[in-house]
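Participant: This is the structure I have questions about; it appears just below.
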Amino acid sequence: MILKEIDHMSSIIEGYTYDIFISYRQKDNKGDMWVSEFVESLKTELESTFKEEISVYFDINPHDGLLETYDVDASLKDKLKCVIFIPVISRTYCDPKSFAWEHEFKAFVEQASKDQFGLKVKLPNGNVAGRVLPVQIHDLDKEDIAMCESVTGSVLRGIEFIYKSAGVNRPLLPKEENPQENLNHTNYRDQINKAANAIKDIITAIQYFSPQKEETPQEVAKPASVPQKSNKAPIIAGSVIASALIILGILFIPRLFKPAEELEKSIAVLPFFNDSSDPENAYFINGAMDEILNNLQKIKELRVLSRTSVEQYRGSDRPPIPRIARELDVNYIIEGSGQKYGNQYILRVQLIFGKNERHLWADSYEKEILGPKEIYAIHSEIAQSIASELKVILTPEEKQLIEKTSTENLDAYYTYMRGNEEYSNYLLDNKNFDALTRAEDFYSRALEYDPSYAQAYTGLAQIYWEKHYDEEYFSKNFMDSVLMLAETALSYDKNLAEAYSLRGDYYRENTDYNKALKEYQKALKLNPNYWQAYYGIGVLYSNHLRDAINGLENYKIALKLNHNPKERPDLLHVMAFGISSGLGFYDKAIEYEKEALELNNDSLQYYTKLIWYAIYNEKYSDAIRFAERSIALDQCNILYYGALGQIYYTLGDRQQAVECFKKYIAGLGDIEITGLQNRHRVGFCYLLAGNKAKAEEYFELQKKYCEESIELDRRYYARAAYAYYDLACIYAINGDKENAYKNLHIYNNRIGETEMKGMVWYLKTDPFLDSIRNEPEFQAIYHEIEAKYNNTHEKVRQWLEEHGEL
């Protein structure tokens, strides 16, 4: 494509002289001819962006420095009749005495505001863009920014060509000698591309999406008179046609004018760049990112991803913004950088539309840190500016939460930030317990500086849960320390979502489900984006309240908020297990597991999960294939022989089953069998291999675990009734039918809607129940559970269809 020459004076939009008008101060084009270079680069980029020819008006020798009284030539007004006006905004451009400011910038705004499209146009994606597209080559004084915004009536949103380092604030050059020292991390070529893309968005919106003025219909000539005939038939026909038109209008016209679906306000806050020369200050810059993200999460109208979701994009080699937005399934990206020198704090943040990397808002903040109040104020201002840019109206409660100051002690604040950094390292580094211990030390030291620092208490509560959960499982004081720490935090600050969510976890694990649900709901009222609370509610409904749909709904929301490659696979496993083992949607479960495999590249885990999905859905050839692949990947893991043995036993191949069980037993040695539910299964392997004494030892151990769990009535195993089922199995294989039926009836009465596909399979095939399977009492229990499963399966099928997943 060859761009039209200036003297052609035509635009691709009818009624306009040019597509683009370039406005600048003459002094900004002296020396290295920056503006001329920019125009040539933009023209080249436009050639590869548009299929049509784009006209650009650029006067290389403009008038400048003229007084406001200067009588502008009428030809300039004609040239200003353009689609897009690009002012090159420098430190001197915003000057009422300058020709460019008064007779180009202000004149265009006035003219465009009155024309057929107006100063702002609606883009195809639902956003609004101004026809003034600033190219900013310097950081501006606040007074200059205010001047620009007073003319356009909107926030100054420019495509920045600024090179900034310590003591430097100049235009970015096409070929920089030291690009790595540019604190803005911008690339000239990329910025040119952004400008061209922004131009295309605006012109495309005007060409295809903006309403045109209605044309005045011309007078229609009257038809010549004809001999009069009976008009009954025409009247009837006319009535039919009119009725049809009315019906068509009612049915279809509203659809023609139906507004575009509003773009979801979904945001990912990418890790900020640490511009400080001291890498030790990284915790402070990461803390700024954390605080801004946390503030945005408190706004109900936004969907804001967790911090761990974006850590994969840390560093300067991150993928392009559109790809990140696509991978994280968000529409908006926030980038930032900052530095801390002594008590001086500089922070720069920008909001970007992810699809085309269009910059929507940016600002810089520079302050001397006298205490945490200054820091909190900056982070609060940034969050509120972003919300405003996205047309979000904050509720008074949201504003109060965002403006909250957590501590007045600067040392406490710094130490707490270090604790957060280490806790994040723990989560991202395969549960590195050294990092967890360091986090615990920092949180404790923060409380030495400020004993009322509520968030430090919740930090310690989270660490206690991670460190002591397993060892306290059978303790009567299970996780009481977590409850105490969470309540201490809330005594100092009643608006901590994480404290309420921890209390929800505590009550859930200690079987007070009504309290747990209320605590999670309190957490979500304060932080509608707290994925941990949605996950907790999902566990509560799925495993305890036995409500399949509510469980899936909350797991799905947690998945939308958490894209951390280390945490997300576990959420996908939960969805897959529930949908397949619980509800019979085998193929859908495999889809979730494939996504998990793409994230963690754990083929062994993938095939291991699929073994049991296939078994429960009676796809035994698949199950054998998955088990054999698992063995090929990990020949030392004897558990797969146990699974294969169970498959062959179910298929009636007793010889193959015994061979597999023998391999399983031979590999046990001194290996400690873990988990509450599989001791009697190990015992059955011994029984089939001929070692009855060893089998009885394992049966008794399982019976002990069942009885202890039932006595404590704790957690999933007892409250979800699986302890009663396993106890029934042990009684049945030992010939005690009375106690076997007693526990099966309790199991039947307690189970709800979830994980029934697996239990239907067990009731049909479990060798522990062979002695009673054909009896009427057992068959009645079996058919009742099967009917519950069929009913739930149908409800979940409808839910999956409604969500477009089937």
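The values are calculated or read from the model by the stated rules, or taken from the named source; none is laboratory data. Small disclaimer: the values here were computed from a predicted structure and weren't measured. Positions of Cβ are backbone-derived with ideal geometry, glycine not excepted, and every protein chain shown enters the neighbour counts. SASA here: full protein model, heavy atoms, side chains in, ligands and nucleic acids out. Shrake-Rupley method; radii C 1.70, N 1.55, O 1.52, S 1.80 Å.
Participant: If you take every residue apart from residue 435 with its C-beta less than 13 Å away from the C-beta of residue 435, what net charge results, scoring Lys and Arg +1 and Asp and Glu -1? Don't skip to the end; give the middle numbers.
Facilitator: Values: positive: 418, 431, 438, 467; negative: 421, 422, 429, 434, 440, 441, 466.
Once all neighbours under 13 Å are counted, the net charge is -3.
Participant: Taking H placed 1.01 Å from N in the peptide plane, check which residues at least 5 places from residue 136 or on another chain put their amide H under 5 Å from its amide H.
Facilitator: Those qualifying (amide H under 5 Å, at least 5 residues apart or on another chain) are 89, 159, 160, 161.
Participant: If you line up the long axis of helix 232-256 against the longest principal axis of the chain, both from Cα atoms, how many degrees apart are they, to the nearest 10?
Facilitator: Helix 232-256 sits at roughly 70 degrees to that axis.
Participant: If you don't mind, another one. Can you work out the accessible area per residue across the chain, with the rest of the protein chains kept in place, probe 1.4 Å, in square angstrom?
Facilitator: Values: 38320 Å² over 806 residues.
On a per-residue basis, the chain sits at 48 Å².
Participant: Treat each spin label as a single point 7 Å out from the Cα along the C-beta direction, and report the residue 110 to residue 344 distance in nm.
Facilitator: 4.3
Participant: What are the ³J(HN,Hα) couplings of region 170-175, residue after residue, when phi is run through the Karplus curve with 6.51, -1.76, 1.60 and θ = phi - 60°? Round to Hz, x for glycine and proline.
Facilitator: Residue by residue, region 170-175 yields 9, x, 6, 9, x, 10 Hz.
Participant: Follow-up question, since we're still on this one. Which net charge results when you count Lys and Arg as +1 and Asp and Glu as -1 among the other residues whose beta-carbon is under 13 Å from that of residue 483?
Facilitator: On the way: positive: 503, 508, 515; negative: 472, 480, 487, 505, 509, 512, 519.
Summing Lys/Arg as +1 and Asp/Glu as -1 gives -4.
Participant: A follow-up question, please. At 1.4 Å probe size, with the rest of the protein present, what percent of the exposed accessible area of the chain is carbon and sulfur atoms? Intermediate results must be reported in sequence, preceding the final value.
Facilitator: On the way: 19000 of 38320 Å².
Within the chain, the accessible surface is 50 percent carbon and sulfur.
Participant: Given labels modelled 7 Å from the Cα in the Cβ direction, how far is it in nm from residue 169 to residue 448?
Facilitator: 4.2
Participant: Using the Cα centre of the chain as the reference point, and only Cβ charges (+1 on K/R, -1 on D/E), how large is the resulting charge dipole? Debye, rounded to the nearest 20.
Facilitator: Details: 93 positive and 123 negative charges, 490 e Å.
Charge dipole, the chain, about its Cα centre: 2360 debye, nearest 20.
Participant: While we're on this one: At a 10 angstrom cut-off on C-beta neighbours, averaged per residue, how do the peptides 604-617, 765-778 rank from highest to lowest?
Facilitator: On the way: 604-617: 21.6, 765-778: 15.7.
Order by mean packing, descending: 604-617, 765-778.
Participant: Highest first, please rank the peptides 530-542, 109-121, 724-736 by the mean number of other Cβ atoms sitting within 10 Å of their residues.
Facilitator: Numbers: 530-542: 25.4, 109-121: 15.8, 724-736: 21.5.
Highest to lowest by the protection proxy: 530-542, 724-736, 109-121.
Participant: If Lys and Arg each add +1 and Asp and Glu each add -1, what is the summed charge of the other residues whose beta carbon sits under 9 Å from the beta carbon of residue 412? Display every interim value, and only then the final one.
Facilitator: Values: positive: 445; negative: 408, 411, 448, 450.
In short, -3.
Participant: Just subtract the alpha-carbon distance of residue 711 and residue 697 from 0.36 nm times their residue separation and send over the number in nm, one decimal. Please report the intermediate quantities before stating the final value.
Facilitator: Values: separation 14, 0.36 × 14 = 5.04 nm, distance 2.14 nm.
Here the segment from residue 711 to residue 697 would lengthen by 2.9 nm.
Participant: Quickly rank 649-661, 794-806, 584-596, 178-190 as a protection proxy: mean count of other C-beta atoms within 10 Å, highest first.
Facilitator: Details: 649-661: 16.5, 794-806: 13.1, 584-596: 19.6, 178-190: 14.6.
Order by mean packing, descending: 584-596, 649-661, 178-190, 794-806.
Participant: Considering only DSSP beta bridges with both partners in the chain, what is the antiparallel share in %, to the nearest 5? List each step's numbers first, then the result.
Facilitator: Numbers: 27 of 46 bridges.
So the antiparallel bridges amount to about 60 percent of the total.
Participant: Test of understanding: extend the Cα→C-beta vector of residue 594 to 7 Å, then name every residue of region 540-576 with backbone N under 19 Å from that spot.
Facilitator: From region 540-576, the list is 569-576.
Participant: Okay, moving on. Set Lys and Arg Cβ to +1 and Asp and Glu Cβ to -1, take the dipole of the chain about its Cα centre, and tell me which of 400, 207, 739 lies farthest positive.
Facilitator: The residue sitting most towards the positive pole is 739.
Participant: In deg cm²/dmol, rounded to 500, what helix-only [θ] at 222 nm does the chain give when every DSSP H run of at least 4 residues adds -39500 (n - 2.57) and the total is split over its residues? Before the final figure, lay out each step's value.
Facilitator: Numbers: 32 runs with 432 residues, N = 806.
Counting only the DSSP helices, I get -17000 deg cm²/dmol.
Participant: Once R0 is set to 51 Å, what does the formula 1/(1 + (r/R0)^6) return for the Cβ-Cβ distance between residue 474 and residue 77, expressed as a FRET efficiency to the nearest 0.05? List each step's numbers first, then the result.
Facilitator: Values: r = 85 Å, r/R0 = 1.67.
About 0.05, to the nearest 0.05.
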